[in-house]
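J.: Below is a structure I'd like to ask you about.
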Amino acid sequence: MNIPNSIRLSYKLIDSTETQFLFDLDQDPLVMKYINGGQPNDMEQIINVLIPRMEVYRNPIKGWGLWKVTELANNRDIGWMLIRPMNMFSDNPEFDNLEIGWRFYRDVWGCGYATEAAQQLVSRFKNVDGVKKISAIAQEENVASVNIMKKLGMRYIKSYRHVDPLLDLDVVYYELAL
């Protein structure tokens, strides 16, 4: 599966060779604030935890994985978009409900890139057989991410404690029926 370019951005499915990009993005404590409290991931975590975790759900045919987002104007990699089954790391992954998420370099925050990229992914997955919903989670204090969810037309469903092998956070859950 491919994600077509949007107005300002291109998309490429990340594989295990992208360790430096993933490491660099995770070095800003503000980028990591709502993920793990602001702790940068070291290269060992990228190689031994994040890459193997990504490989569990990465599926080029279905389009699941992390999609590198690149500015078309200058060919600069600015972040990534996540798409995978909701609750992937639970006993009951939801294959008809895809989780969308994002991480971008701080210097492009406020430029509308995350919203543009999220809209492009939602548009691409809207007509995929078997996909009925797209969902997202964020800490309630992460106002920027919650605003993106609302711009996507998602509606608030619930607040709950999200637990998986890497996360244990109180989050808000938003959903878009397709």
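J.: For residues that are surrounded by 17 or more Cβ atoms within 10 Å (Cβ to Cβ) and under 21 Å from Val131 (Cα atoms), tally how many sit in the stretch 36-64.
T.: 6
J.: Is it true that Val128 is exposed (fewer than 15 other Cβ atoms within 10 Å of the Cβ), closer than 26 Å to Ile7 by Cα and touching a residue at least 60 places away in the same chain (Cβ under 8 Å)?
T.: yes
J.: Restricted to the stretch 101-125, and to residues that are without any contact (Cβ under 8 Å) to a residue 40 or more places away in the chain and not in a helix (DSSP H, G or I), which residue is farthest from Glu71 (Cα to Cα)?
T.: Ranking the qualifying residues of the stretch 101-125, first place goes to Gly101.
J.: Hey, can you tell me all the residues within the stretch 81-127 that are under 17 Å from Met154 (Cβ atoms) and of a type in the set (Phe, Trp, Tyr)?
T.: Hits for the stretch 81-127 are Trp102, Phe125.
J.: Please identify the pairs in which a residue from the stretch 1-30 that is within 12 Å of Ala117 (Cα to Cα) has its Cβ atom under 8 Å from the Cβ atom of a residue that is of a type in the set (Val, Ile, Thr) and in a loop (DSSP other than H, G, I, E, B), counting only partners at least 6 apart or on another chain.
T.: Qualifying pairs under 8 Å: Tyr11/Ile3.
J.: Also, I was wondering about something else. Pairs under 8 Å by beta carbon, first residue closer than 21 Å to Lys133 by Cβ and modelled with pLDDT under 90 in the stretch 156-178, partner of a type in the set (Ser, Thr, Tyr) and part of a loop (DSSP other than H, G, I, E, B), six or more apart or different chains?
T.: Sorted first by the residue in the stretch 156-178, then by its partner, the pairs are Asp164/Ser90.
J.: Ser159 - would you say it is of a type in the set (Ser, Thr, Tyr) and surrounded by 14 or more Cβ atoms within 10 Å (Cβ to Cβ)?
T.: Criteria not met by Ser159.
J.: Are any residues in the stretch 1-17 out of contact with any strand residue (DSSP E or B) (no Cβ under 7 Å at 6 or more places or on another chain) and of a type in the set (S, T, N, Q), and if so, which ones?
T.: Of everything in the stretch 1-17, those that are out of contact with any strand residue (DSSP E or B) (no Cβ under 7 Å at 6 or more places or on another chain) and of a type in the set (S, T, N, Q) turn out to be Asn2, Asn5, Ser6, Ser16, Thr17.
J.: Working only within the stretch 167-178, note down all residues that are surrounded by fewer than 13 Cβ atoms within 10 Å (Cβ to Cβ) and more than 18 Å from Val146 (Cα to Cα).
T.: Result: Asp168, single match.
J.: May I pose another question? When the stretch 68-96 is examined, which residues are found to be part of a strand (DSSP E or B) and among the acidic types (Asp, Glu)?
T.: Glu71, Asp77, Glu94, Asp96
J.: For the stretch 86-101, name all the residues that are out of contact with any Ser or Thr (no Cβ under 6 Å at 6 or more places or on another chain) and either of a type in the set (D, E, K, R) or surrounded by 21 or more Cβ atoms within 10 Å (Cβ to Cβ) (or both).
T.: Hits for the stretch 86-101 are Asp91, Glu94, Asp96, Leu98, Ile100.
The values are calculated or read from the model by the stated rules, or taken from the named source; none is laboratory data. Since the structure is predicted, the reported quantities are computational estimates derived from the model, not experimental observations. Reconstructed Cβ throughout: ideal geometry from the backbone, glycine too, with neighbour counts over all protein chains shown.
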